[in-house]
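The values are calculated or read from the model by the stated rules, or taken from the named source; none is laboratory data. Just so it is clear, the structure is predicted and the values come from calculations on it, not from any experiment. Backbone-built Cβ (ideal geometry, glycine too); neighbour counts: all protein chains shown. Calculation scope for accessible area: heavy atoms of the full protein, side chains included, ligands and nucleic acids excluded. Shrake-Rupley method; radii C 1.70, N 1.55, O 1.52, S 1.80 Å.
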Amino acid sequence: MIFTKISSFFFFYFVVTGVYVIFMPKMLQTIGYNAFQIGAVFALAPLMRFIVPFFFLKHFELSRKVFYTALLGAIGAIVLFYPTIEHFYLFMLPNMLLGACLGMILPYVETYAMEHLKKERFGRARLFGSIGFMAIGIILARRLEHFDNALHYLLAAIVLTAASAYWLTRRNALLSAPAVSNTTFRFSHATFLWISFFLMQVSFGAFYNFFTIYETAHGISLETTSYLWAFGVICEIILFYFQAPLLKRFTLLSLLKFGVLSAAVRWFLLFLFPSSLLASYATQSLHAFSFALHHTAALSLLYTLYAHKKLAAQFYYGLSFGLGGFAGALIAGNFYGPRLYMYAGLIALLSLGSLFFFKEKE
């Protein structure tokens, strides 16, 4: 039953992510936002994800009460999208609130899932998030006659996410266990690992914020682009399901390196063959390694390095998807053009180089 509850949460949470990442940039472009404004808007939520974990070093604990507050805050943020979306500066505010709330919600559940299911079964629960992401991409591609439909789906998905999270946590005694003291958390013994996480997500800024726009600008239809998103997620699902032997056979650090190298190859292919549908599908197949394998290996490695696992997960999301996503969105917004994915590939190579320094440090 716990596996079912965790899987349900992942499914609905990543439906929210799918609507936000796949369709919101195109929606903003349709109502008149330029590339810089789109990059700025999608930089705010990651920035808040980066800021929030610092409050939990000494002042707060990621308790069930805080978790429920974050769920309500996320619903409120989506509701505020409706009256503010056509006003660039006002629209920044609910995006900041959403980012802060999501920065607390996912680490809370994902840490519990990793502890309860272990790394071998974690991927099989997490793949339901990939299914949700893929499903909404296919469904909405056919139902966006009016782009404001995306807001209705976004609101429904965040409500269902909150409901599934409450179902998982309301009578779960294991989530009430006392936490390890926050004051013992340190970055210094894994500095190059954290740098790599950060740079990896900077490189992903071009993908999360501009892949749909980039593909449609090079002659690929919105519906076909949604299928590209779905194909990438299918590859991700397959790897999540079958990754256990890889986690047993290879070291976590070697899997991280392979994931980052896959990202670099992926971005360079998009740069070299921007109008090739075959190349686009090839790059999406690499999502299995550049996201799914990298993500599981990263969380598993942090799980072994830090006693305070919830805080480690918060900082993983905060520093990588948060600060890295913030920087990546701004860079992509400023440098959007024919060489966007060349820059992304170079940044991914820097992330790979940092991991080799971590090996020496380790």
Scanning region 320-362 residue by residue, the ones that are of a type in the set (Phe, Trp, Tyr), open to solvent by 10 Å² or more (accessible area, probe 1.4 Å) and in contact with a Leu (Cβ under 7 Å, 6 or more places away or on another chain) total 1
Qualifying position, being of a type in the set (A, V, I, L, M) and without any contact (Cβ under 8 Å) to a residue 12 or more places away in the chain, among ALA113, ALA156, ALA165
ALA156
Exactly one condition in (1) open to solvent by 10 Å² or more (accessible area, probe 1.4 Å); (2) more than 30 Å from LEU302 (Cβ to Cβ) is not met by ARG121; state its number.
(2)
The listed residue being at pLDDT 95 or above, in a helix (DSSP H, G or I) and either within 27 Å of GLY219 (Cα to Cα) or open to solvent by less than 20 Å² (accessible area, probe 1.4 Å) (or both), out of LEU311, LEU278:
LEU278
Would you please name the residue that is modelled with the highest pLDDT, looking only at residues in region 122-159 that are closer than 16 Å to ALA288 by Cβ and of a type in the set (A, V, I, L, M)?
ILE131
Does SER300 fit the bill of being open to solvent by less than 10 Å² (accessible area, probe 1.4 Å) and either out of contact with any strand residue (DSSP E or B) (no Cβ under 9 Å at 6 or more places or on another chain) or at positive phi (or both)?
yes
Just name the residue that is nearest to ILE51 (Cα to Cα) out of those in region 101-133 that are of a type in the set (Gly, Ala, Ser) and within 14 Å of the chain's Cα centre (by Cα).
GLY103
Taking region 160-189 and keeping only residues that are at pLDDT below 70, in a helix (DSSP H, G or I) and either within 21 Å of LEU80 (Cα to Cα) or open to solvent by less than 70 Å² (accessible area, probe 1.4 Å) (or both), one is left with LEU175, ASN182
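Out of LEU301, LEU286, which single residue is of a type outside the set (Gly, Ala, Ser) and touching a residue at least 60 places away in the same chain (Cβ under 8 Å)?
Step by step, each of LEU301, LEU286 is checked, and only LEU301 is of a type outside the set (Gly, Ala, Ser) and touching a residue at least 60 places away in the same chain (Cβ under 8 Å).
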Residue check: is PRO245 open to solvent by 40 Å² or more (accessible area, probe 1.4 Å) and at pLDDT below 85?
no
Out of SER280, SER354, sole residue that is over 23 Å from GLU236 (Cα atoms) and not β-branched (Val, Ile, Thr):
SER354
Determine whether region 200-207 contains at least one residue that is surrounded by fewer than 19 Cβ atoms within 10 Å (Cβ to Cβ), touching a residue at least 12 places away in the same chain (Cβ under 8 Å) and on the phi < 0 side of the Ramachandran plot.
no
Restricting the search to region 214-228, which residues are open to solvent by 10 Å² or more (accessible area, probe 1.4 Å) and touching a helix residue (DSSP H, G or I) at 6+ places or on another chain (Cβ under 8 Å)?
THR216, ILE220, LEU222, GLU223, THR224, TYR227
With a cut-off of at least 3 residues that are open to solvent by 40 Å² or more (accessible area, probe 1.4 Å) and touching a helix residue (DSSP H, G or I) at 6+ places or on another chain (Cβ under 7 Å), name the helices (runs of 4 or more DSSP H) lying wholly within region 1-115.
2-18, 35-55, 64-84
